[in-house]
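Below you'll find the structure, written out as structure tokens, and then a few comments.
The values are calculated or read from the model by the stated rules, or taken from the named source; none is laboratory data. None of the values given here were measured: they were computed from a predicted structure. When we count neighbours, we look across all protein chains shown, and the Cβ atoms used for this are built from the backbone with ideal geometry, even at glycine.
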Amino acid sequence: MTNQSYLDRRLVRTLENIWSRFELLINRFATTRAHGNTPREVWNPFYHLGTISIFLLAVLTITGTPLTILYRPGAPGAFESVNELSATWWGSLLRSIHRYAGDAMALTILLHAIKMFVSERFWGQRWLAWVSGWVLIFLLWTIGSSGYWLVWDERAQWLTEFGIALTQGSTALSFVTPEGVANLFAFFVLVLFVHVFFSLVIMLGLLIHLMRMARVQIWSPRWLMIQATIALIAISIWQPALSLPIADTTHLVGTITLNGWYLGFLPFAGQFGALFWIGIAVFGIALMALPWIARGKHPGPAVVTETFCSGCALCAKECPYNAIQMESRKDASRFQTIAVIKPSLCTGCGICVGTCASAGVELDQLRTAPILERVRAELKNTRAPIVMFACQRHLALGTLSTLMQGATTAQLEQGAFIRLKWSERDVITTVLPCAGMVMPEWIREFLDHGARAVVNVACPAHDCSYREGPQWLNERIKRHPALLTQNVFYFDASLGDQRALKTLLDQIARDAKPGVAQNQVAPNWIARTRASFAGTALLLIAFAGAMLIQIPGTASVAGQGMVRLALSHKGIVKHTTANAALQSRLPTGVSVEQVLGGERYPVQLRLQVDGGAEIHREFGAGGLGKDGTIYGVDALMLPAGKHQIELWMNDNGKDWRQVFSDALQVDAGRVRTLTFDATRFIFTAR
């Protein structure tokens, strides 16, 4: 679907239509009626998914600061400090808000990404926001999962087991015994540092994510931030965040619930292993490459006719993506500056066309002259028609569907001309990329030449694909007081809202005054309260739903125990140079190999259970020159009972020797660890 226009991408439009129907359902309850040329008040939190995510990040920062100050790193101090905090009402509330804000943010970010995809806000100049957004999602996931590690309960233990299997290094070896865990103060400090430092990195990432947008809106509307706070407090009181039992590496984790957003990968990683991670990697690469794999086309870039440009800078001011800059003129014009387009930043929205009174800016693939000539011709041949401008999303997502039944239309594309009938009146409709492309001069001309009314069908103010199209169109109309007294209708319809459009056209047929839609009664506090309550209820349901994304998982099989191997071996050097003089000067027990170093043989282990081979592993030396200590961790699940265990080692490249042999009692749900004793070169059972 590369290089297809917006209306040609049928699959993505189907997905966007499903999304818009959901938003339309919300708007039925969360919207006040319009008054005159004043747009409706829409209290739909799903129009602010990006900014509400930023607000939730601020909540996490505010609540996380005292939690960090009161936290005691290390085991078991970490677990105890968290539980001591949860024992107080304010500490429990603080911890719960912190946790559920993380869940809510995961939900809002995911919904924000889905909406950006279905509305095609990911290719062209928006690739940077798309790619940086997924990097931010990865960082947020890292922060969230590390937060569960800091609690040091059974969820953290399962995460630790995953880390042991993944890293196999000296840090992993420290977790296999209670004594090693007790000495991991520095590790907990490191995880805490990552948890806090990555939060600061997020701030820088947000600057990159938003850097190509003009007039960036960081904060959600005040009503939405109040609603979100109320929802988080209510959920935290209803279901306080609690810890599971303390992590204990001598016991296996049984069946527990895992946070689906941050720890939900653990059961799948354990079941599918490398295949799971290959799938995640392929999916991640595809997402990153999507702006180029599924690149679309728009009617831009905008082009400037130098002789018509007066240098007023209005186009540069209104461009939502900083795609226009003013430069000094070098010709003989009486104007000092000229607008210069940055094609790589242009989205083809046409907002600059709508603001240029001198017609100095045009879209390269959608010139205004043919559009205006077509409407003028219809005005000459039709008695008192209604002239309608509609953005392409309203055409694609069904707002005009009822009106188009039986109508003869041109190809459904940007700039398409559609002649409709409503209440025995002709409706001359032109589809534009964005409602912000409409000029007030067009409206005045069409009214002067016999149009009964001019209707501008725009997206809701906070749901424009180009961010600011409805806002600029509404402001332009208000800057022309003469238009406000005539039949000029600014109609910010919810996508797919056929009923509201039909109501408006019936209103025009009854010789109604200019306005937006349903009636001329200004919204009162009752209407605002009702709409706001609907938004609050929706937000509460969404946050509660995010909190309930819990995945039950079983880390071990009932009736089985674990035998774990823990190896820390300095290794044997492969090649040395004989140096008798040096050997004579070394202390007793110190060899030339230990001083000179060199590449070391890998260590091979072969574990036999009840006479059969169960594990055969090889562990290499660390370091670039393979001259470091050899670390290794492996595990085997066995049915509960007594088993004859034999362990063989080869650490010189040729000789195998038995380093453990005993009848070992394996209890269900318990871990028996075979640890390498470097002084006796054998393994001992714990």
Expected single match for of a type in the set (S, T, N, Q), within 24 Å of Arg95 (Cβ to Cβ), within 23 Å of the chain's Cα centre (by Cα) and surrounded by 13 or more Cβ atoms within 10 Å (Cβ to Cβ) among Ser236, Ser199 is Ser199
| Flag for Ile477 being of a type in the set (Val, Ile, Thr), under 37 Å from the mean Cα position of the chain (by Cα), part of a helix (DSSP H, G or I) and outside the structural domain of Gln125 (by TED's automatic domain parsing) | yes
In this structure, does Ala407 turn out to be closer than 20 Å to Leu7 by Cα, at pLDDT 90 or above and either surrounded by fewer than 17 Cβ atoms within 10 Å (Cβ to Cβ) or under 32 Å from the mean Cα position of the chain (by Cα) (or both)?
no
Conditions (1) crowded, with 17+ Cβ neighbours inside 10 Å; (2) without any contact (Cβ under 8 Å) to a residue 24 or more places away in the chain -> His643 fails only (2)
Here the qualifying pairs (Cβ atoms under 9 Å; residues six or more apart or on different chains; first in segment 217-231 and aliphatic (A, V, I, L, M); second part of a loop (DSSP other than H, G, I, E, B)) come out as Leu224/Trp43; Leu224/His48; Met225/Trp219; Ala228/Ser220
When segment 308-331 is checked residue by residue, the ones that are touching a strand residue (DSSP E or B) at 6+ places or on another chain (Cβ under 7 Å) and among the hydrophobic types (A, V, I, L, M, F, W, C) are Cys309, Ala313, Cys315, Ala316, Ala323, Ile324, Met326
Per the filter on segment 68-82, residues part of a helix (DSSP H, G or I), in contact (Cβ under 8 Å) with a residue 24 or more places away in the chain and surrounded by fewer than 21 Cβ atoms within 10 Å (Cβ to Cβ) are Thr68
Of those in segment 591-619 that are within 14 Å of Lys570 (Cα to Cα) and modelled with pLDDT of 90 or more, the residue surrounded by the fewest Cβ atoms within 10 Å (Cβ to Cβ) is Gln604
Gly144 vs. criteria touching a residue at least 40 places away in the same chain (Cβ under 8 Å), in contact with a strand residue (DSSP E or B) (Cβ under 9 Å, 6 or more places away or on another chain) and within 30 Å of Met213 (Cβ to Cβ): yes
Log entry, pairs with first residue in segment 390-416 being within 18 Å of Pro370 (Cα to Cα), second being small (Gly, Ala, Ser) and modelled with pLDDT under 50, beta carbons closer than 6 Å, six or more apart or on different chains, reads Ala416/Ala410
Selection from segment 202-218 of residues within 29 Å of Trp149 (Cα to Cα), surrounded by 16 or more Cβ atoms within 10 Å (Cβ to Cβ) and among the aliphatic types (A, V, I, L, M) yields Ile202, Leu206
Buried (at least 16 other Cβ atoms within 10 Å of the Cβ) and either in the same structural domain as Thr160 (by TED's automatic domain parsing) or touching a helix residue (DSSP H, G or I) at 6+ places or on another chain (Cβ under 7 Å) (or both): is that true of Leu242 in this structure? no
In segment 319-330, anything in contact (Cβ under 8 Å) with a residue 40 or more places away in the chain and over 13 Å from Val361 (Cα atoms) is listed as Pro320, Tyr321, Asn322
Looking only at segment 12-35, decide whether some residue is farther than 19 Å from Leu495 by Cα and outside any loop (DSSP other than H, G, I, E, B). yes
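Say whether the condition of being among the charged types (D, E, K, R) and more than 30 Å from Ser5 (Cα to Cα) is met by at least one residue in segment 103-121.
Yes, segment 103-121 contains at least one residue that is among the charged types (D, E, K, R) and more than 30 Å from Ser5 (Cα to Cα).
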